[in-house]
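What follows is a single structure, written as structure tokens, with notes after it.
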Amino acid sequence: MLPQKKISLLIADPMAISSELLTQALSRRPDFMILGCPKNLDELISILTAQPPDVAIIRSTNPKSTYSGLAVLSTIHNLAPNTKAIILSSDLSRQDVIGYFHAQARGILPADLTDFETLCRCIYSVSEGQVWASSKQLNYLIESLYEAKPLQIVDAKGDTVLSAREQEVLGLLAEGRSNRAMAEALKLSEHTIKNHLFHIFYKLGVSSRTEAILCAIRRGTLAQRRNAS
């Protein structure tokens, strides 16, 4: 089902040929509106400050370039935090994927293996606040949660957002456990687990299990559970 209004797009692709081809293809869709195709950070900043797009499509090539995927993601996050970013890259190693997610990417696609219709579906999903990633990429993300020093998820005032029990539930959720498995680990009923998940989603302002994990990354990595399962 097509969105009710046009989705405004920005295409950040340093390769002129692929940028032009992608722009032409997306421009043919009545539900998309191209705001610009910046070729460097100065042009990117100009577009972002004039009219932040709904979605930015970023082709990541040379990681050492001043116009790398991470540089573009950082600029977008600082100047247009409501813009959802999609990364197209031929190199999606574990380190790359984790880096893109940590830099606020909401969608990650292999540049050489993604067809146009899949890209369009990704744009629709990301524009609606969903996360687009493969199971393998999400596993990279979840694993990365336990590689850094665990922190409490706190708000702007430094107050803990989740209760100790909710932190435990979120930790088990990040491990990929089902509601039943979480209930068994914490010696609670599945109904109680569902209630905890409801309060976690509400407090973090998310609507899915994956988005809860992503939110945990943005606001501080998951706290260690007090009791080992």
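The values are calculated or read from the model by the stated rules, or taken from the named source; none is laboratory data. What you are looking at is a predicted structure, and each value in this text was computed from that prediction instead of being measured. Don't worry about glycine lacking a Cβ; one is built from the backbone with ideal geometry, like all the others, and counts go over all protein chains shown.
Scanning segment 176-208 for residues that are surrounded by 16 or more Cβ atoms within 10 Å (Cβ to Cβ) and in contact (Cβ under 8 Å) with a residue 24 or more places away in the chain yields ALA185, LEU186, ILE193, HIS196, LEU197, ILE200, LYS203, LEU204.
Residue count for segment 65-97 satisfying the condition of being among the hydroxyl-bearing types (Ser, Thr, Tyr) and without any contact (Cβ under 8 Å) to a residue 12 or more places away in the chain: 2. Determine whether ILE7 is modelled with pLDDT of 90 or more and either surrounded by 15 or more Cβ atoms within 10 Å (Cβ to Cβ) or not polar (S, T, N, Q) (or both). For ILE7, the condition - modelled with pLDDT of 90 or more and either surrounded by 15 or more Cβ atoms within 10 Å (Cβ to Cβ) or not polar (S, T, N, Q) (or both) - is met. Please verify whether PRO30 is in a loop (DSSP other than H, G, I, E, B) and surrounded by fewer than 13 Cβ atoms within 10 Å (Cβ to Cβ), treating the condition exactly as stated. The answer is yes for PRO30. Going by the structure shown, is LEU21 surrounded by fewer than 14 Cβ atoms within 10 Å (Cβ to Cβ), in a helix (DSSP H, G or I) and of a type outside the set (Phe, Trp, Tyr)? In short, yes. Looking at LEU21, LEU41, LEU26, LEU2, which one is at pLDDT 95 or above and out of contact with any Lys or Arg (no Cβ under 7 Å at 6 or more places or on another chain)? So the residue among LEU21, LEU41, LEU26, LEU2 that is at pLDDT 95 or above and out of contact with any Lys or Arg (no Cβ under 7 Å at 6 or more places or on another chain) is LEU26. Scanning segment 42-78 for residues that are surrounded by fewer than 17 Cβ atoms within 10 Å (Cβ to Cβ) and over 16 Å from VAL97 (Cα atoms) yields ASP42, GLU43, ILE45, SER46, THR49, ALA50, GLN51, LYS64, SER65, THR66, HIS77, ASN78.
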